[in-house]
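*Asks:* Please see the structure below; I have some questions.
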Amino acid sequence: MLEIFSKWKANLTSADVPDQAEEGELPQHIAIIMDGNGRWAKKKGLPRIAGHREGMKVVTKIVRTASNIGIEVLTLYAFSTENWKRPKKEVDYLLGLPERYLSAELPKLIENNVQVRLIGTTENLPDHTLRAVEKAIKDTKHNTGMILNFALNYGSRFEMLEAMKSVGRKIESGELKADFITEEHIQTHLMTSKLKDPDLLIRTSGEIRLSNFMLWQLAYSEFWFTDVLWPDFKEQDFMEAIAVYQKRKRRYGGV
Ligand code: FPP
């Protein structure tokens with residue numbers, strides 16, 4: 001599978017990625033803020049949901065590519081706890097996308113040994129959305145390939161607040177002393193407790209912010225931003241992000 005990546009890289013011409021530079025390791029966990037669906041639709045004089053529909057097609061392509069080249073975890077920010085503020089019609093459409101996607105793609109995900117996971121709160125999610133995602137999680141739970149982690153109804157501050165409450169309850173019950181709280185205690189109470197932190201964060205559409213996404217987990221991640229709107233995001237853009245990541249030196253606060 002890695003051969004696909006090497007072949008693609010051999011043709012790379014972007015000025016950001018010097019041809020002669022040494023090849024680094026593949027990021028194990030990539031997280032993506034898929035932004036720009038609305039602007040894409042507006043530019044084409046279409047309703048916003050047309051942008052989300054196109055965005056779903058890009059999800060299909062990028063998931064297949066990520067799994068093919070050997071990415072271990074792909075986390076996609078599909079719906080945030082703040083997205084409830086959008087018009088009901090758009091919210092309903094967005095929350096229908098996991099079901100649409102999975103009804104078309106689940107057989108392929110199974111064939112490709114992908115494991116589906118979910119982070120976020122299930123509270124207020126429509127039953128049909130939850131049922132579709134839970135079925136996908138169940139049907140792929142014995143798979144051993146890439147973890148496809150949907151962040152759905154996810155907000156990082158909510159996640160951290162819930163983790164702090166859980167730790168607080170342990171202190172109340174006498175199981176833990178406040179002075180002995182470690183980063184690991186917090187980590188194990190996050191929704192991503194069983195996942196390695198992202199190595200690479202990609203955000204499309206030219207916005208340079210985190211929008212309440214994985215604030216704890218992205219502490220040492222490499223960030224890659226592009227002006228490309230998510231519905232226009234191509235396999236080549238994804239590969240370029242990885243290639244740029246491979247040129248970065250990660251020091252984790254050291255020298
Ligand atoms: C942000 O763009 C995007 C979202 C809130 C939704 C992202 C969802 C998808 C790409 C499809 C998800 C697919 C599956 C299978 C779950 P925006 O609408 O805020 O764009 P704008 O900033 O241009 O208005």
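The values are calculated or read from the model by the stated rules, or taken from the named source; none is laboratory data. Small disclaimer: the values here were computed from a predicted structure and weren't measured. All Cβ positions, even for glycine, are placed from backbone atoms using ideal geometry, and neighbour counts span all protein chains on display. For the accessible areas, the whole protein counts, side chains as well, though only heavy atoms, and no ligand, DNA or RNA atoms are used. Shrake-Rupley method; radii C 1.70, N 1.55, O 1.52, S 1.80 Å.
*Asks:* For segment 137-179, give me each residue that is open to solvent by less than 80 Å² (accessible area, probe 1.4 Å) and touching an Asp or Glu at 6+ places or on another chain (Cβ under 9 Å).
*Replies:* Once the filter is applied, which keeps residues that are open to solvent by less than 80 Å² (accessible area, probe 1.4 Å) and touching an Asp or Glu at 6+ places or on another chain (Cβ under 9 Å), segment 137-179 yields Gly145, Met146, Ile147, Asn153, Gly155.
*Asks:* Just the residues that are within 16 Å of Asp92 (Cα to Cα) and more than 8 Å from the ligand (Cβ to nearest atom), please, taken from segment 31-41.
*Replies:* None - no residue of segment 31-41 is within 16 Å of Asp92 (Cα to Cα) and more than 8 Å from the ligand (Cβ to nearest atom), so the list stays empty.
*Asks:* Look at Glu99 and say whether it is without any contact (Cβ under 8 Å) to a residue 40 or more places away in the chain, surrounded by 15 or more Cβ atoms within 10 Å (Cβ to Cβ) and either charged (D, E, K, R) or part of a helix (DSSP H, G or I) (or both).
*Replies:* So Glu99 fits the description; yes.
*Asks:* Filter segment 192-236 for residues that are in contact with a Lys or Arg (Cβ under 7 Å, 6 or more places away or on another chain), under 27 Å from Pro47 (Cα atoms) and charged (D, E, K, R) and give the result.
*Replies:* Glu235
*Asks:* Here's another thing I want to ask about it. What's the number of the only condition in (1) more than 16 Å from the ligand (Cβ to nearest atom); (2) surrounded by 14 or more Cβ atoms within 10 Å (Cβ to Cβ); (3) hydroxyl-bearing (Ser, Thr, Tyr) that Thr182 fails to meet?
*Replies:* Evaluating Thr182 over (1) more than 16 Å from the ligand (Cβ to nearest atom); (2) surrounded by 14 or more Cβ atoms within 10 Å (Cβ to Cβ); (3) hydroxyl-bearing (Ser, Thr, Tyr) leaves (2) as the failure.
*Asks:* Do you know which of the residues in segment 78-93 that are touching a strand residue (DSSP E or B) at 6+ places or on another chain (Cβ under 9 Å) and either in a loop (DSSP other than H, G, I, E, B) or more than 8 Å from the ligand (Cβ to nearest atom) (or both) is most open to solvent (accessible area, probe 1.4 Å)?
*Replies:* Trp84
*Asks:* Please pick out the residue among Asp227, Asp232 that is free of Cβ contacts under 8 Å to residues at least 24 places away in the same chain and either of a type in the set (S, T, N, Q) or within 14 Å of the ligand (Cβ to nearest atom) (or both).
*Replies:* Asp227
*Asks:* Can you report the number of residues in segment 42-52 which are more than 8 Å from the ligand (Cβ to nearest atom) and surrounded by 17 or more Cβ atoms within 10 Å (Cβ to Cβ)?
*Replies:* 2
*Asks:* Please specify each residue of segment 117-133 satisfying the condition of being hydrophobic (A, V, I, L, M, F, W, C) and either touching an Asp or Glu at 6+ places or on another chain (Cβ under 6 Å) or over 14 Å from Gly96 (Cα atoms) (or both).
*Replies:* Correct list: Leu118, Ile119, Ala132.
*Asks:* Now, a different point. When you check Thr60 against the structure, is it open to solvent by 20 Å² or more (accessible area, probe 1.4 Å), in contact with a helix residue (DSSP H, G or I) (Cβ under 8 Å, 6 or more places away or on another chain) and within 10 Å of the ligand (Cβ to nearest atom), yes or no?
*Replies:* Taking the combined requirement at face value, the residue satisfies it.
*Asks:* Here are some conditions: (1) open to solvent by less than 70 Å² (accessible area, probe 1.4 Å); (2) part of a loop (DSSP other than H, G, I, E, B). Glu105 meets all but one. Which one does it not meet?
*Replies:* Failed condition: (2).
*Asks:* Give the residue that is most open to solvent (accessible area, probe 1.4 Å), with candidates limited to residues of segment 220-255 that are in a loop (DSSP other than H, G, I, E, B) and over 21 Å from Leu210 (Cα atoms).
*Replies:* Val255
*Asks:* Which condition number does Ser211 fail, the rest of (1) free of Cβ contacts under 8 Å to residues at least 60 places away in the same chain; (2) polar (S, T, N, Q); (3) at positive phi being met?
*Replies:* (1)
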